[in-house]
Structure formats: structure tokens, C-alpha cells
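Notes to accompany the following structure.
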């Protein structure tokens, strides 16, 4: 949760996120702060057009608990209606239809209350799994585990340990990163701590000119395209942050090895890629003289 605006409601903080926050992650975070939660699987019919968490109610009427409503199926939605509701015959009388509707809502409320302890227990089991997965994910940064997984997955030993740890954390999410260029770019920038740009093109067609006579319209044309339909991506590291360690950006250097390993596991197999880098230009300034007040424009100095 954000801490920059303590007066902002928890619901607004969750809804302001640019991704669908999983309810288990949200609950695990709040339970660490000893916040009592009341989970309600009540908005299943909103699932197709809403996020996992649909409402968060902060009030003191429920023992100080935070009511969280989810767009998930409850047991009431899973079982057929005949398990919980009595059959109602059609009638033209509005008063009878209204009474039937109120009875069905009362039956629904009772059924949801009956299954709520069981649904809460199942949900808390998933929260416990989420906590264990988070601990495993955090342990990927430990030195011993990084060394073990580096040997297991045959990661280049020349890759810096800090960057190798970041790559290991991204491996479980490779199925989301692969083919998603904006996400790939953001994660690559986080790994190497540099600004990266991507240009997409096509692999050029390599051919050799034959030493033979050329005849226009027979074996020669006035124009042509020497490109294939295979994609090619050019990754450029803009204005490298460590120009004093430029050897790391050369072929077989540490940074290039990191980028190459990451791209080999995220780009499509049939695509090609190229890695370049640029160096920031020197900053120049106009100096009349090294001695203070030695040069006076218009008196002793002209442009």
C-alpha cells in the first residue's frame, strides 16, 4: 500500500493501482499488520468486467474488521439453485412476486452465512501459500541460492551476482515477459540499471553477387528488397552510466552477457537481435580565460 497519503482510503489506493491486485497478496500484506479482515465472495457476476477486489468497506460496526468483497465464485454460485431455493409458481399478482423475491434474498443470505466459514478457511489457506511463495521469492536474492541456481540453469559465471539475482527473480515470470516488448524493456532496464531503447525491423537477406553477365529483365531488376520476414530487434543502451568500465559493454563483456542471456530466454526463437550502446557526448562550456577577469568581452576579447 502507498504511504505517501495516509488520509486516502485503502479502497482508493487499491483501485488506483494500474494492475489487478490479487486478493491473497492484499490479505497477506494486511495480516502482517494485524488487520482483521472479513472476506466476502459476493460479486461473482462482476468478474468479467471488474478486478479481483471489488469493494473495501472500512467501518467499526463489524468489530473493527475490514470488509473486502471479491468477484469470485462462492458455494452459493457453484451449486444449483434448487439446493437452496424452493420452487415458485408463476403468478400474475405483483404482491406475490415481491414476497417471493424477498424470500429468495433471505434464503440466499442464509446460505452465504452458512458457507462463509468454510470459504474463509479455504481463502486463508491460499493466503498461507501466498506467504510461503513470497518467502521463496525473496530468498532468490541470497548468495548461496544464487550460486546454486546459477549452476543449475547454466548461467554464465561472468555475470555479476547482483544482476544474476535479478534474472533469477524474473525467471518464474518469463511466460509473461516473453513477447511483451514494453515489459521486457522495463525489466531489462531494472536488471542492468541502464536506459534501453528497442527498434524493430527485419533480418536482411544475405546474398553474394555472382560474377556473370547481367541482362535487364532476365537475371536483373532495377530495384528490389533485401529483407526477409524474420523480425530483428536492435537494443541500444543509451548513454552508458559507467563509461570508465567500457569493456563490460563490449562483446563478451559482463553487461552484454547479461543482456544476451536475458534476450535468449524472452525473445521468439525465430527472431534475431543486436545489442549496441552509446556514450554521452562531452559537456562543453565557453571559457574566455582560465584567469578570472582576464578576458573582457568587447575590451580585450572578441568573438
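Structure notes:
- Flag: residue 171 does not match the condition of being surrounded by 13 or more Cβ atoms within 10 Å (Cβ to Cβ) and over 21 Å from the mean Cα position of the chain (by Cα).
- The stretch 31-64: number of residues that are at pLDDT below 85, in contact with a strand residue (DSSP E or B) (Cβ under 7 Å, 6 or more places away or on another chain) and more than 19 Å from residue 12 (Cα to Cα): 2
- Test set (1) modelled with pLDDT of 85 or more; (2) part of a loop (DSSP other than H, G, I, E, B) - residue 85 fails condition number: (1)
- Single match in 138, 125, 110, 185 (criterion: in contact with a strand residue (DSSP E or B) (Cβ under 8 Å, 6 or more places away or on another chain) and either modelled with pLDDT of 85 or more or in a helix (DSSP H, G or I) (or both)): 185
- Residue match in the stretch 240-249 (condition: under 25 Å from the mean Cα position of the chain (by Cα), assigned to a strand (DSSP E or B) and at pLDDT 85 or above): no
- Against the test of being out of contact with any strand residue (DSSP E or B) (no Cβ under 8 Å at 6 or more places or on another chain) and at pLDDT 85 or above, the options 279, 275 yield a single qualifying residue, 279.
The values are calculated or read from the model by the stated rules, or taken from the named source; none is laboratory data. Predicted model, so just to flag it, every value in this text is computed and none were measured. In this analysis, Cβ positions are derived from the backbone assuming ideal geometry, glycine residues included, and neighbour counts consider all displayed protein chains.
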